[in-house]
Each structure stands twice: as structure tokens, then as C-alpha cells.
1. Over all directions, what mean area does the Cα convex hull of the range 25-76 project, stated in square nanometres?
2. Check which residues have an amide H placed less than 5 Å from Ile103's amide H, if you skip close sequence neighbours.
3. How much mean residue ellipticity at 222 nm does the chain get from its helices, if each DSSP H run of length 4 or more adds -39500 (n - 2.57) and you divide by all residues, to the nearest 500 deg cm²/dmol?
4. Tally Lys and Arg at +1 and Asp and Glu at -1 over the other residues with C-beta under 11 Å from the C-beta of Ala2: what net charge comes out?
5. Apply the Karplus parameterisation 6.51 cos²θ - 1.76 cosθ + 1.60, with θ equal to phi minus 60°, to every residue of the range 30-44 and state each ³J(HN,Hα) to the nearest whole Hz, in sequence, with x for glycine and proline.
6. About its Cα centre, how strong a charge dipole does the range 3-123 have in debye, to the nearest 20, once Lys and Arg get +1 and Asp and Glu get -1 at the Cβ?
7. Under a cut-off of 25 Å between alpha-carbon atoms, report the lysines in cross-link reach of Lys45, not counting same-chain residues fewer than 8 places apart.
8. Express in % the proportion of alpha carbon pairs of the range 3-123 at distances exceeding 19 Å.
Amino acid sequence: MALIAVIDDDNDILDASSLVLTAKGYEVITADNPDDGYKIVKEKKPDLIILDVMMNEPDDGFFLAQKFRKEKFEIPIIMYTSVSKALGLEFAAGEMVPVDEFIEKPISPDTLIDKVEKLLKLHYKE
């Protein structure tokens with residue numbers, strides 16, 4: 001089954017995401033800050049990354065996603081965000097925000113699994 005990296009500074013989100021994903025048979029690795037997140041992705045080469053927008057700094061997730069893309073990590077990225085609800089901003093995937101999907105917090109387990117499965121199927125066509 002696929003290896004998924006979850007990078008979020010909220011331990012409750014890490015635990016809940018891990019619980020939902022492992023219940024579906026995925027292997028999960030986690031990091032609670034961008035530096036450790038970068039290290040686990042570089043070392044473990046997961047099949048999918050789930051990344052929070054706001055960690056130590058309000059834009060850590062954006063910078064980390066851009067770093068992954070600049071370094072040619074060809075791994076799909078889902079970004080967790082509550083920014084759009086809090087600020088009324090809508091994000092879209094693209095060059096500035098190089099992610100494949102967004103999931104609004106609070107996170108629905110069904111939405112999480114649906115987006116994970118969709119991206120894994122698209123990215124790793126058999």
C-alpha cells in the first residue's frame with residue numbers, strides 16, 4: 001500500500017489523519033514542522049504528501065510545496081487549509097501554490113480518503 005507523509009504542526013491533525021489513513025491500509029509517516037517534513041520526504045520518498053499551509057509561519061506550507069517542486073519531487077501534494085475560511089481567500093493549484101488538491105479544515109475523513117485515492121490513481125496509473 002502507498003506511503004503517505006503528513007506534515008502539520010497540530011498533533012491532533014497528525015493523529016486523526018494517521019488514524020483515518022492507516023484504517024484504509026496506508027502506511028503513514030508524520031512530521032510536525034517544515035524542516036522535519038522536508039527530511040522525511042527526502043529520505044522516505046512517499047507516494048503522497050499531505051501538507052498544512054500554516055505551521056511555524058503562516059506560509060510554511062506554501063514555501064515547502066514550492067521547494068518540493070523546485071527540487072523536482074514528482075509527488076502529489078494535498079494541502080490542508082483553514083486560511084480560506086478564516087480570511088475569505090480561495091486558493092487554486094498552480095505555480096504559486098504548486099499542489100494538486102486542497103482540503104479545508106475541519107477535515108472530513110471521507111473527503112480525505114476520496115482525495116488521497118483520486119490522486120494516487122491519477123499519479124500512479126497501473
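1. Values: hull surface 14.0 nm².
Hull-based average projected area comes out at 3.5 nm².
2. Met79, Tyr80, Thr81
3. Roughly -13000 deg cm²/dmol at 222 nm, from the helical runs in the chain.
4. Once all neighbours under 11 Å are counted, the net charge is -1.
5. 10, 8, 10, 7, x, 5, 5, x, 4, 4, 5, 5, 5, 7, 8
6. Result for the range 3-123 is approximately 480 debye, rounded to the nearest 20.
7. Lys24, Lys67, Lys70, Lys72, Lys115, Lys118, Lys121, Lys125
8. Values: 2846 of 7260 pairs.
Counting every Cα pair in the range 3-123, those more than 19 Å apart make up 39 percent.
Here, each number is a calculation from the coordinates, and none is a lab measurement. Just so it is clear, the model here is predicted, and its values are computed rather than measured. Because the Cβ atoms are built from the backbone with ideal geometry, glycine has one as well, and the counts that use them run over all protein chains shown.
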